[in-house]
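Written below as structure tokens is the structure these notes are about.
The values are calculated or read from the model by the stated rules, or taken from the named source; none is laboratory data. No experiment lies behind these values; they were computed from the predicted model shown. Positions of Cβ are backbone-derived with ideal geometry, glycine not excepted, and every protein chain shown enters the neighbour counts. In case anyone asks, the SASA skips ligands and DNA or RNA and just uses the protein heavy atoms, side chains included. Shrake-Rupley method; radii C 1.70, N 1.55, O 1.52, S 1.80 Å.
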Amino acid sequence: MKNYPLIVVGLLLFSASASAIEQAAPKQVEEVHHRVQRVVPYALDQTLQTFTKTVHGGVQHVVVKSADNTKQIKLIQEHLLKVADAFRKGDFSTTERVHGPDMPGLAQLKKAETDDIKFEYKALPNGAQIHYSTEYPQYVQALHMWFDAQLKDHGSDVIPEHSQHHSTIAE
């Protein structure tokens, strides 16, 4: 019972931050969608994308809607591998082309040294993922801001049984 006030405060903070991620205006979402389609090689209408925050950063998944769509799977994998490699080098130009240089969290991410943030690419049978992680609180915060901005501009598709894989402290 002693922890009850802490639990209530924690729930209030969580609900406030969860509701703070609002969808961008329809015109902005449409503009971002057009810029994304010029940057990514895969077809947006044939894929699902999620941005899931974790304790140490987050995970971005891009997967195909149809498991037999091998052409799109290959395009997703090639693109996310290229993005992860660029991020490791501090090159966030792809993100800037889509969201602009003032994207929340981006300026802080660009200040990180080479090993401050890990960008771990992984091919999946139906697409690919990038796992973003760091032990530095300022970069965790920047990644979370960056993920929130992604969610605002893109939304987040629902991939069945996805989010429970990234809710542990080990992430």
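Taking region 55-77 on its own, how many of its residues are open to solvent by 10 Å² or more (accessible area, probe 1.4 Å), out of contact with any Phe, Trp or Tyr (no Cβ under 6 Å at 6 or more places or on another chain) and under 27 Å from E135 (Cα atoms)?
4
The rows are residues; the columns are (1) in a loop (DSSP other than H, G, I, E, B); (2) touching a His at 6+ places or on another chain (Cβ under 8 Å); (3) touching a residue at least 24 places away in the same chain (Cβ under 8 Å).
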position: D91; (1), (2), (3): yes, no, no
position: R97; (1), (2), (3): no, no, yes
position: P101; (1), (2), (3): yes, no, no
position: P104; (1), (2), (3): yes, no, yes
position: Q108; (1), (2), (3): no, no, yes
position: K122; (1), (2), (3): no, yes, no
position: I130; (1), (2), (3): no, no, yes
position: Q141; (1), (2), (3): no, no, yes
position: W146; (1), (2), (3): no, no, yes
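Going by what's in this entry, would L80 be described as in a strand (DSSP E or B), open to solvent by less than 60 Å² (accessible area, probe 1.4 Å) and out of contact with any helix residue (DSSP H, G or I) (no Cβ under 8 Å at 6 or more places or on another chain)? Before the answer, list the steps.
Working: in a strand (DSSP E or B): no; open to solvent by less than 60 Å² (accessible area, probe 1.4 Å): yes; out of contact with any helix residue (DSSP H, G or I) (no Cβ under 8 Å at 6 or more places or on another chain): yes.
For L80, the condition - in a strand (DSSP E or B), open to solvent by less than 60 Å² (accessible area, probe 1.4 Å) and out of contact with any helix residue (DSSP H, G or I) (no Cβ under 8 Å at 6 or more places or on another chain) - is not met.
Listed here are the residues, each with its yes/no results for (1) among the basic types (K, R); (2) modelled with pLDDT of 90 or more; (3) over 24 Å from H99 (Cα atoms); (4) in contact with an Asp or Glu (Cβ under 9 Å, 6 or more places away or on another chain).
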site: V8; (1), (2), (3), (4): no, no, yes, no
site: S19; (1), (2), (3), (4): no, no, no, no
site: E30; (1), (2), (3), (4): no, no, no, no
site: Q37; (1), (2), (3), (4): no, no, no, no
site: T50; (1), (2), (3), (4): no, yes, no, yes
site: D68; (1), (2), (3), (4): no, yes, yes, no
site: Q72; (1), (2), (3), (4): no, yes, no, no
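With respect to D85, determine if the residue is charged (D, E, K, R) and not in a helix (DSSP H, G or I). Please lay out each step first, then the result.
Numbers: charged (D, E, K, R): yes; not in a helix (DSSP H, G or I): no.
Criteria not met by D85.
Kindly check whether there is at least one residue in region 84-99 that is aliphatic (A, V, I, L, M) and open to solvent by 40 Å² or more (accessible area, probe 1.4 Å).
Filtering region 84-99 for residues aliphatic (A, V, I, L, M) gives 84, 86, 98.
Next cut, open to solvent by 40 Å² or more (accessible area, probe 1.4 Å) only: none.
Looking through region 84-99, none of the residues is aliphatic (A, V, I, L, M) and open to solvent by 40 Å² or more (accessible area, probe 1.4 Å).
Which of the residues belonging to region 110-133 are hydroxyl-bearing (S, T, Y) and more than 14 Å from the chain's Cα centre (by Cα)?
Of region 110-133, the ones hydroxyl-bearing (S, T, Y) are 114, 121, 132-133.
Correct list: T114 only.
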